[in-house]
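The values are calculated or read from the model by the stated rules, or taken from the named source; none is laboratory data. All values reported here derive from a predicted model rather than from experimental measurement. Please note: Cβ atoms are built from the backbone with ideal geometry, for glycine as well, and neighbour counts cover all protein chains shown. Note: areas computed on protein heavy atoms with side chains; ligands, DNA, RNA excluded. Shrake-Rupley method; radii C 1.70, N 1.55, O 1.52, S 1.80 Å.
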Amino acid sequence: MDKISYGRQFIDDEDIKLVIEALKSDSITQGEYVPLFEKLLSEYTGARYAVCVSSGTAALHIIYHALGLGKEDELITTPNTFAATSNACLYLGGKPKFADISLDDFLIDLNYIEKLINKNTKIIVPVHYAGLTCNMEEIKNIADKYNLYVVEDACHSIGSFYKGSRTGSLKYSNAAVFSFHPVKHITTAEGGAILLQDESLYKKCIALRSHGIVRENFQKTPTSPTYHEMQILGYNYRMTDLQAALGISQLKKLDGFIKRRHEIVEVYNSAFKDMNIKTQKIYDDRINSQHLFPVLFESKTIRDKVYYYLKENNIFTQVHYIPVTCHPYYEQLGYSYKDTPKAYEFYERELSLPIYPSLTDSQLEFVIDNIKKALAS
Ligand SMILES: Cc1ncc(COP(=O)(O)O)c(C=O)c1O
């Protein structure tokens, strides 16, 4: 059996053809493909604007910056995420606060959010872990009550639905952020995007993406046709046209990818129905786009046993996530696993099982078989 991992990209001849076409065009960056990918992303999600950038991390950094997060400001998120969600707050001198999670849906528990709010709180960042949207209506109610912004870290959840709206439609938030890293639903190798509704935020993000140089905003009178100037301090977070070409081609396949992910989930769910394996809660008002298939075993000992057994059989699972508060860097800042005990328990018992569009039925059967053997061993 070939190596099976928890996730991987799906690239076909159509993708390769479009990237080659982009490679042959006049501008391989700042050309036609990025604006087209942005248009398609905004059509797909229903957001007015999309701003493509070099990674999901860059997208988070830019949107926090555009919302004015700075020194002394606080942001509330979940510890059950990739460190980028809160790192981008640290880049700006802000202070991330972590609300514990629910061991049923594995998402930020709203009961903890309000307790963390104070006069410095500026943004709430729900993470739609594994592809399941958080309770956005309630999060928006809390944000409105305290006059806070909401940025959805939707790096796991392109294509998911909440109360009939796609992630990125921004019905309950100021912005949403996608990642196009190869393990995600669609890839541009590296890449990300910010979805926005508000024009002034959009203009700020465009400026921050490219050194704060915007031709339309020249403050001084151009002295020559080559004149340029920067108005604010920005970054080089641009996506290339080669990446955007890949994204355009991948986006066409997204709904098909999600369909296959759902088929895989059904097989797992029916295999685990009478076993001591806990899966993520299912909500009637949401469709999980299943970036991951996370399960909880009874204990760390059992989880580790399954992990090693699968590894021996060429099946490479992963744990998502070590709570952000447990990274040595965060510990040095004064955070501790004790801040969020449920996220720590989750970390000890969780395993993300293989799920990706090219995972075959026989590979899936092989994975399930080996989990059963591991538990019986
Ligand atoms: C929840 C979450 N947020 C942010 C990121 C950062 O995205 P990128 O790797 O594209 O910088 C990731 C990527 O793994 C993620 O899973």
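Based on the Cβ-Cβ distance of Asn120 and Ile213, what FRET efficiency does E = 1/(1 + (r/R0)^6) give at R0 = 35 Å, to the nearest 0.05?
It comes to 0.65.
Between segment 37-51 and segment 258-329, what's the alpha-carbon centroid distance in Å?
Answer, in whole Å: 31.
Work out, in µm²/s and without decimals, the Stokes-Einstein translational diffusion coefficient of segment 1-129 at 37 °C, 0.692 mPa s, Rh from Kirkwood over C-alpha pairs.
Answer from the Stokes-Einstein relation: 185 µm²/s.
Rounded to whole Å and ordered largest first, report the semi-axes of the equivalent ellipsoid of the chain derived from its Cα gyration tensor (root of 5λ).
35, 26, 17
Determine the sum of side-chain charges near Gly212: Lys and Arg each +1, Asp and Glu each -1, restricted to other residues whose C-beta is under 14 angstrom from that of Gly212.
Local charge sum for Gly212: +3.
Among Tyr268, Tyr64, Tyr356, which one moves the most in a GNM of the chain with springs linking Cα atoms closer than 10 Å?
Most flexible of the set in this elastic network: Tyr268.
Taking segment 243-377 on its own, what percent of its Cα-Cα pair distances exceed 17 Å?
Counting pairs separated by more than 17 Å, the tail of P(r) holds 66 percent.
Taking Cα atoms, how many degrees apart are the long axis of helix 241-272 and the longest axis of the chain, rounded to 10 and kept between 0 and 90?
Approximately 20 degrees, to the nearest ten.
Starting from segment 68-120, pick out the trypsin sites (Lys or Arg not before Pro) whose DSSP state is loop and whose Cβ has at most 12 other Cβ atoms within 10 Å.
Lys71, Lys119
Which of the residue pairs Lys171/Lys259; Lys17/Lys273; Lys145/Lys204; Lys253/Lys373; Lys163/Lys203 have a Cα-Cα distance greater than 32 Å in the structure shown?
Table pairs above 32 Å Cα-Cα are Lys17/Lys273; Lys253/Lys373.
Per the 1.4 Å probe, what fraction of the accessible area of segment 4-250, in percent, lies on carbon and sulfur atoms?
51
For the chain, what proportion of DSSP beta bridges, expressed in % and rounded to the nearest 5, is antiparallel?
Around 60 percent of the beta bridges assigned by DSSP in the chain are antiparallel ones.
What are the ³J(HN,Hα) couplings of segment 164-175, residue after residue, when phi is run through the Karplus curve with 6.51, -1.76, 1.60 and θ = phi - 60°? Round to Hz, x for glycine and proline.
Per residue, the Karplus-derived 3J(HN,Hα) values read x, 10, 6, 3, x, 7, 6, 5, 10, 8, 8, 6 Hz.
Output the antiparallel fraction of DSSP beta bridges having both residues in segment 87-210, as a percent to the nearest 5.
Taking every DSSP beta bridge within segment 87-210, about 55 percent pair in antiparallel fashion.
Hey, what's the chain come to in accessible area per residue, 1.4 Å probe, Å²?
Ligands and nucleic acids excluded, the figure is 45 Å² per residue.
Top to bottom by accessible area (1.4 Å), largest first, where do Ile232, Ile76, Ile282 land?
Ile282, Ile232, Ile76
Ignoring everything except DSSP H segments at least 4 long, calculate the 222 nm mean residue ellipticity for the chain; use -39,500 (n - 2.57) per segment, divide by total residues, nearest 500.
Theoretical 222 nm ellipticity from helices: -12000 deg cm²/dmol.
In nm, to one decimal, how far is the modelled label at Glu331 from the one at Ala376, with both set 7 Å along Cα→Cβ?
4.0
How long are the semi-axes of the equivalent ellipsoid of segment 310-377, taking √(5λ) for every eigenvalue λ of the Cα gyration tensor, in whole Å from largest down?
Largest first, segment 310-377 gives 32, 13, 9 Å.
Taking the 0 to 90 degree range and rounding to the nearest ten, how far is the long axis of helix 33-45 tilted relative to the main principal axis of the chain, both from C-alpha atoms?
Its long axis makes an angle of about 60 degrees.
Given a 1.4 Å probe and every protein chain left where it sits, what share in percent of the accessible area of segment 283-366 is carbon and sulfur?
Within segment 283-366, the accessible surface is 49 percent carbon and sulfur.
Going from most exposed to least, what order do Glu298, Glu266, Glu312 have by accessible area with a 1.4 Å probe?
Ranked list, largest accessible area first: Glu312, Glu266, Glu298.
Calculate the FRET efficiency for Met230 and Lys3 from the Cβ-Cβ distance with a Förster distance of 51 Å, rounded to the nearest 0.05.
0.60
For segment 90-158, state the average projected area of the convex hull of the C-alpha atoms over all orientations, rounded to one decimal in nm².
Convex hull of Cα atoms, orientation-averaged projection: 4.9 nm².
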